[in-house]
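The next block holds one structure in the form of structure tokens; read it before the comments.
The values are calculated or read from the model by the stated rules, or taken from the named source; none is laboratory data. All values reported here derive from a predicted model rather than from experimental measurement. Reconstructed Cβ throughout: ideal geometry from the backbone, glycine too, with neighbour counts over all protein chains shown.
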Amino acid sequence: MLRVFLASRSSLVRRVQGLPAAKSSAVQCFSESSRPPRNRICRIDLWRARTWVEKVAPSLEVFLATEKHLMVPLKFTVPYGDPKYPVEAWGYPLGMHCRNLRVLKQQDKEMPFFALDDLEALDFPWDMRQHKWEVLVLPSLQKYYEINGHSEVPSTFIVPSDDDRWSKVLWGFRLGQSVTSMRYADTYRAQREASEHELEKIEFSTQRWRERMWDTKIFPALVAFKREFGHCNVNFNFDVPNDPSWPKLTRGMRLGATVANMRCRRNYDDMAERDKDKLKEIGFVWNPEDDRWTYRIMPALEAYCEIYGHGWVPVNFVVPKRKSWPEETRGLRLGNIFMKVRHTGAYSSYVERDSDRLQALGIDFKRPYEPFTMAIGRSGKSDTKPTRGRGRLVKLQRQD
């Protein structure tokens, strides 16, 4: 094998070391022999045959025997003092060496000729993602389905160690993390497409998962929200309570955050399009600001002008809980909103949209302060006589 080849060709190392600099992917690092081993940083050289023979090849053999695969983590360094590995290899950055070999292969560059036979004999994985899918991900999904009867893998699930139902090569594998990345980051797409038949057998599909999430959690939670609160304008901070009045699968769900992502990031847009009539039926609010202006603020302004006869709302005015006011407007801090529109330009697009209606009410947010406005009242009360006069601004007279 290569060791015999190297021994019989004593000049090989000198020739390899004399290769042009362009063929060297060495990472030069300096260390003092007197430093503790933990402070030493080794040199990585793909083109040095002795490094391969004395360090890399035997370390790969040990790693394969120990881990049952050759998916060496990038940060893996041969541990000091481990008798399974050659002493010469202790502290060697094996993960980086393997990564550099893969880079050469991916870039279709010349490979170290003295390593080719060993790499082939070891069945070295050139495509890490594909190899991980074949050795870890797919077998773990199949075994999970076999044990649990479904493929709804929790995001925190780790294959248990010392469990004979699982192959030893799978022990400690973070299957839940991999499944989560497939659902949210669309990882392993090519592998999933190629393994579609196998995944169908275990009822695993990211698309089906999204549908199940919508059908069993999101939409039932929206229906329950409508039933509980009488509307479907979900606040961002709303979490489904752990209460029997809510569907069991929805309890604890961050419904507000889910709805915010539906509104802003178009999450579940295909499901929303499919069930648009159902969403309309429960009054699902896509734009909370538009909904607030249309169904609370404008009706409150209209009622205010109808009752008080003018279009100036004191800053401390709060809509009273009386029958003369629309139910949706009661408790609204209308005066605060009125001043925000005047001074900060809040709801500017809606003010422009409804400018004709506002003008008909006699409301002009750009109108300067006038003496009569000071008489409208303190603490929400008016020392002027309310005059009904919807459709025009009525200047009030002080009472003597």
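The table that follows gives values for the structure above.
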item: Verdict on N233 being polar (S, T, N, Q) and in contact (Cβ under 8 Å) with a residue 40 or more places away in the chain; result: yes
item: Within region 142-158, tally of residues that are out of contact with any Leu (no Cβ under 7 Å at 6 or more places or on another chain), among the small types (G, A, S) and either within 13 Å of R183 (Cα to Cα) or modelled with pLDDT of 95 or more (or both); result: 1
item: Qualifying residue in region 271-280 (condition: under 19 Å from the mean Cα position of the chain (by Cα) and surrounded by fewer than 19 Cβ atoms within 10 Å (Cβ to Cβ)); result: yes
item: Cβ-Cβ under 6 Å pairs, at least 6 apart or on other chains, region 312-331 side closer than 21 Å to F229 by Cβ, far side surrounded by fewer than 12 Cβ atoms within 10 Å (Cβ to Cβ); result: R330/K321
item: Any hit, region 290-303, residues being among the hydroxyl-bearing types (S, T, Y), within 23 Å of P368 (Cβ to Cβ) and in a helix (DSSP H, G or I); result: no
item: Checklist (1) buried (at least 16 other Cβ atoms within 10 Å of the Cβ); (2) among the basic types (K, R); (3) closer than 30 Å to R192 by Cβ applied to K226, failing item; result: (3)
item: Matching residues in region 254-284 - criterion: being over 21 Å from P241 (Cβ atoms) and aliphatic (A, V, I, L, M); result: M271, A272, L279
item: Residue among R333, R292 that is under 46 Å from the mean Cα position of the chain (by Cα), at negative phi, surrounded by 12 or more Cβ atoms within 10 Å (Cβ to Cβ) and at pLDDT 90 or above; result: R333
item: Inter-residue pairs, beta-carbon under 9 Å, first farther than 15 Å from Y145 by Cβ and in region 159-180, second at pLDDT below 90 and of a type in the set (K, R), 6+ apart; result: S161/K168; K168/K68; V169/K68
item: Considering residues of region 52-74 that are touching a residue at least 40 places away in the same chain (Cβ under 8 Å) and β-branched (V, I, T) only, the residue surrounded by the most Cβ atoms within 10 Å (Cβ to Cβ); result: V56
item: Residue among S161, S151, S205 that is touching an Asp or Glu at 6+ places or on another chain (Cβ under 6 Å) and more than 14 Å from L136 (Cβ to Cβ); result: S151
item: Residues of region 341-354 satisfying the condition of being surrounded by 13 or more Cβ atoms within 10 Å (Cβ to Cβ) and more than 36 Å from the chain's Cα centre (by Cα); result: R342, D354
